[in-house]
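The values are calculated or read from the model by the stated rules, or taken from the named source; none is laboratory data. The structure displayed is predicted, hence computed values, not measured ones. Reconstructed Cβ throughout: ideal geometry from the backbone, glycine too, with neighbour counts over all protein chains shown.
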Amino acid sequence: MVPFNRPFLTGKEFRYIAEAHAKGQLAGNGSFTKQCQDWLEQRTGCRQSLLTHSCTGALEMAAILADIRPGDEVIMPSYSFVSTANAFVLRGGIPVFVDIRPDTLNLDETRIEAAITPRTRAIVPVHYGGVACEMDAIMAIAESHRLPVIEDAAHGIMASYQGRPLGAIGHLGTLSFHETKNIMSGQGGALLINDPTLTERAEIIREKGTDRSRFFRGQVDKYSWVDIGSSYLPGELTAAFLWAQMEQADAITARRLALWECYHAAFDHLERTGRARRPIIPAGCGHNAHLYYLLLRDRDDRTAFIAAMKEAGVRCVFHYVPLHTAPYGRQVGRAHGELPVTCNLADRLVRLPLWLGLEEHQQRAIDTLLHIIGRT
Ligand SMILES: *Cc1c(COP(=O)(O)O)cnc(C)c1O
């Protein structure tokens, strides 16, 4: 059986966890947390990075920092994970779902402006599959309406737009280190803060609304409750594990890109004969091979394909159910128009296995797939 995902270990994770234990500070914000944050700041050029227990947590912090209040509208794609919307709904915000581009499946920047109302408070692009949204256009729209941009860069570690790392372009960016992502610690995430006016409050929100970070730096002589906040800091064992992965980030990305390219070359013929569409990477997008997908003819085709692949021992999956069609999304959100591209592509997309170690199974997965699609 070729699983859809198998979390990769570099081999140093458990040594670093033992080191973290030996240092005697396990609750978080220890030396591994700082090492990971320094690495993120160096690699992305963000003003400040804060590790969190998840990208979900980082998005929740971003919603607090953007000061989202009941009735405020937040523009985002419907084609995303629930956390993109939930973070703002938790603050009383209303997700306003805008359609995606047919090439990248990212928020369609040409449809944002028409969705902006006097209640709009933020724009949240999602870099699907580590392929960048059209950030120059999005930042220009945001600037002209004085709106903050929060990049959901859950897929985006080590990927770039016009040479700029994803997550470091908007006012805030969020990363995920969930086990299904390129660099992982089981659960994990980070908030990247690019707007310098938000750094101090971000630390406070992560420390349960206290100025504990300032206290430990000796900037105040006791720490107190100064704002809202929650427990968004990961434990030090998580950071130690994550550091082992960050050290290998270049090698991990290179191996993923090789797997991605192997699929891409193998399916060229499928695309030219109109049987499937492959991912499209626009010029200027340095992607990170977070995922590989194909777009099949329709939903029935996809259902049959996933079942046939499973039968042949290769696990493929689909995602996302568009948020504006989900039971809770319909209650709390609003779609800007019919979102025809979202609805069409969400029915047709299938993800193929892509994980380090797949190398020895990939040819079998490809042969199986070509055989199955070839007979339809
Ligand atoms: C994985 C993912 C998240 C949530 O990440 P967690 O670290 O699991 O909380 C948010 N947004 C998108 C687009 C994701 O794919």
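If you check E179, E203, which single one turns out to be under 30 Å from L356 (Cα atoms) and acidic (D, E)?
E179
Checking the structure you have, find out if any residue of segment 41-58 is under 28 Å from G186 (Cα atoms), at pLDDT 95 or above and out of contact with any strand residue (DSSP E or B) (no Cβ under 8 Å at 6 or more places or on another chain).
The answer is yes, given that some residue of segment 41-58 is under 28 Å from G186 (Cα atoms), at pLDDT 95 or above and out of contact with any strand residue (DSSP E or B) (no Cβ under 8 Å at 6 or more places or on another chain).
Would you confirm, using the coordinates I've provided, whether E73 is away from the ligand (no atom under 13 Å from the Cβ) and either of a type outside the set (V, I, T) or in contact (Cβ under 8 Å) with a residue 24 or more places away in the chain (or both)?
yes
Any residue at all in segment 31-38 that's over 21 Å from G229 (Cα atoms), at pLDDT 95 or above, within 15 Å of the ligand (Cβ to nearest atom) and not aromatic (F, W, Y)?
yes
Filter segment 79-98 for residues that are of a type outside the set (V, I, T), surrounded by 24 or more Cβ atoms within 10 Å (Cβ to Cβ) and closer than 14 Å to V126 by Cβ and give the result.
Within segment 79-98, Y79, S80, A85, A87, F88, P95, F97 qualify.
Under 8 Å between Cβ atoms, which residue pairs at least 6 apart in sequence (or on different chains) link something in segment 154-166 that is more than 16 Å from F177 (Cα to Cα) and polar (S, T, N, Q) with a partner that is assigned to a loop (DSSP other than H, G, I, E, B) and within 13 Å of the ligand (Cβ to nearest atom)?
S160/L166
Consider A283 against the criteria (1) without any contact (Cβ under 8 Å) to a residue 60 or more places away in the chain; (2) among the small types (G, A, S); (3) under 22 Å from L175 (Cα atoms): it satisfies all of them except one. Which criterion is unmet?
(3)
Would you mind finding the one in D103, D136 that is farther than 26 Å from S230 by Cβ, charged (D, E, K, R) and assigned to a loop (DSSP other than H, G, I, E, B)?
D103
If a residue has to be more than 8 Å from the ligand (Cβ to nearest atom) and farther than 18 Å from E143 by Cα to count, how many in segment 165-174 make the cut?
Selection size over segment 165-174: 2.
Go over the candidates I17, I68, I64 one by one and state the one that is of a type in the set (V, I, T), more than 26 Å from C343 (Cβ to Cβ) and assigned to a loop (DSSP other than H, G, I, E, B).
Matching residue, one of I17, I68, I64: I68.
Please return the ranges of helices (runs of 4 or more DSSP H) entirely within segment 304-376 where 3 or more residues are under 21 Å from E271 (Cα atoms) and out of contact with any Phe, Trp or Tyr (no Cβ under 8 Å at 6 or more places or on another chain).
340-348, 359-374
Please report, ordered by residue number, the helices (runs of 4 or more DSSP H) entirely within segment 229-277 with at least 3 residues that are over 30 Å from D298 (Cβ atoms) and not small (G, A, S).
Qualifying helices (runs of 4 or more DSSP H): 236-247, 249-266.
Output yes when any residue across segment 261-283 is surrounded by 22 or more Cβ atoms within 10 Å (Cβ to Cβ), of a type outside the set (S, T, Y) and over 18 Å from the mean Cα position of the chain (by Cα), and no when none is.
yes
Quick check on this structure: which one of R315, R334, R299, R351 is surrounded by 18 or more Cβ atoms within 10 Å (Cβ to Cβ) and basic (K, R)?
After applying the criteria, what remains is R351.
I123: within 16 Å of the ligand (Cβ to nearest atom), farther than 17 Å from P282 by Cβ and among the hydrophobic types (A, V, I, L, M, F, W, C), yes or no?
Judged against the criteria, I123 is a match.
Select, from S83, S49, the only residue that is in contact with a Leu (Cβ under 7 Å, 6 or more places away or on another chain) and either assigned to a helix (DSSP H, G or I) or more than 16 Å from the ligand (Cβ to nearest atom) (or both).
S83
Looking at segment 151-185, which of the residues that are among the charged types (D, E, K, R) and touching a His at 6+ places or on another chain (Cβ under 8 Å) is farthest from E109 (Cα to Cα)?
K181
Mind checking which residues of segment 106-133 are surrounded by fewer than 23 Cβ atoms within 10 Å (Cβ to Cβ), assigned to a loop (DSSP other than H, G, I, E, B) and in contact (Cβ under 8 Å) with a residue 40 or more places away in the chain?
The answer is D108, I116, T117, R119.
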